[in-house]
Amino acid sequence: MPRLTFARLLFLAATATALLLSATRTIAADGPVQVFILAGQSNMVGDGRLGPAETKGTLAYMVQKSDKQDQFKHLVDKNGNWVERDDVWFFQRQTVKKGQAIETVDVAGGLKPGLQGSGDKSRLGPELQFGHVMGDHFDNQVLIIKTAWGGKSLAVDFRPPRAGDPSFELKANKQGVKPEVGKFYRLMMADVRYILDNLEKYFPEYSGQGYEIAGVAWHQGWNDGCNQVYADEYEKNLPLLIEDIRKDLGVANLPVVIGSSGFGGHDPNLPGVRACIKRVVEPAQIAVAKKMSNVSCVETRDFFRPRDQSPTGASYHWNSNAETYFLIGHGMGRAMIQLLQE
């Protein structure tokens, strides 16, 4: 057996220490997947247009032709193709209408533009830049779970359990069907549980490192602004939603970021629904963030872009402006990091 000299022992000790430090770094980098839930209605779903580059306000326009190209350069590679991040995963159970039938399609993969919808109807929402902010911040794998559906209110569709039954009368739709109270709150929880129980199925790269539910981002409000009774309940229902989410996910004081409903920007003369949102819903969102622990509200009015700078005039969808959705995602991402560091 070779003799172990003092120098040899020092070498072995140093090697062992280096290996231990290396293993520690690997464990940290391969630690729990950081899970963020992005919830709400159609503006969390997202209607930001990808192209064409000739149309102001599309993502392609912002990348190729705007004077803000530097803010968006991380979204494309050297050949001008959309970048897909493998360190940020995305999952959403999307509903797709095929003829008269409604089908559920699971969308799972790396973060990239156009994850909402398909083909020439691909869209982007706040998840894109929110995911980039999270991916740049964490060494761990990040997972974005989107649980959002168009045309849904907090007062009825997302009504949290502890809010109880509504005191107002539920009205039937054109088909004579009354909405099911709290249905989309329950769907939100079911979708989150489903993907967390099936990570290996949808993400083969998952290596059993576990996960940590790290935060929730909420962007919703239009449908409550369509009904004064719903709007008047918003400041009461939103804290109950946050409390129930924390309880059902089993994470006390879970960080929550609200993206305010800043449709129309700073225009003081907004009509109809936007006037109700400006007067009641958005102030409620801001107030809830101020009075609740570990909750932040991102003011979005500065992100509004007018019709002449946007692909459409659909004010309820931020005029389909990709820059707006990008900025909302960025703002919510930065606010989330601030909550995580407090």
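Read the figures in this text as sums done on the coordinates, not as results from a lab. Everything numeric here is computed off the predicted structure, so don't read it as measured data. Reconstructed Cβ throughout: ideal geometry from the backbone, glycine too, with neighbour counts over all protein chains shown.
Quick notes on this structure:
- Förster radius 35 Å - calculated FRET efficiency between residue 169 and residue 95, Cβ distance, rounded to 0.05: 0.80
- Test item: Cα-centred dipole of region 222-342, Lys/Arg +1 and Asp/Glu -1 on Cβ, debye: 120 debye
- Ranked 332, 189, 62, criterion: other C-beta atoms within 10 Å, fewest first: 189, 62, 332
- Among the listed options (i) 20.0, 64; (ii) 26.4, 104; (iii) 22.6, 90, the one matching Rg and Dmax of the Cα atoms in Å as calculated from these coordinates is (iii).
- Counting neighbouring beta carbons within 10 Å and listing from fewest to most, the residues 293, 153 come out as 293, 153.
- The order of 226, 276, going from fewest to most other C-beta atoms within 10 Å of their C-beta, is 226, 276.
- Taking the Cα centre of region 31-341 as reference, the dipole from Cβ charges on Lys and Arg (+1) and Asp and Glu (-1) amounts to some 740 debye.
- Region 32-49 and region 138-202 have Cα centres separated by 13 Å.
- When the charge dipole of the chain is built from unit charges on Cβ atoms (+1 for Lys and Arg, -1 for Asp and Glu) and taken about the Cα centre, the candidate among 158, 316, 128 whose Cα reaches farthest toward its positive end is 316.
- Spin-label model, residue 177/residue 83: points 7 Å from Cα along the beta carbon direction are separated by 4.3 nm.
- Unit charges at the beta carbon, dipole of the chain: most positive-side option, 330, 175, 31: 175
- FRET efficiency for the residue 64 to residue 252 pair, using the beta carbon distance and R₀ = 41 Å, is estimated at 0.35.
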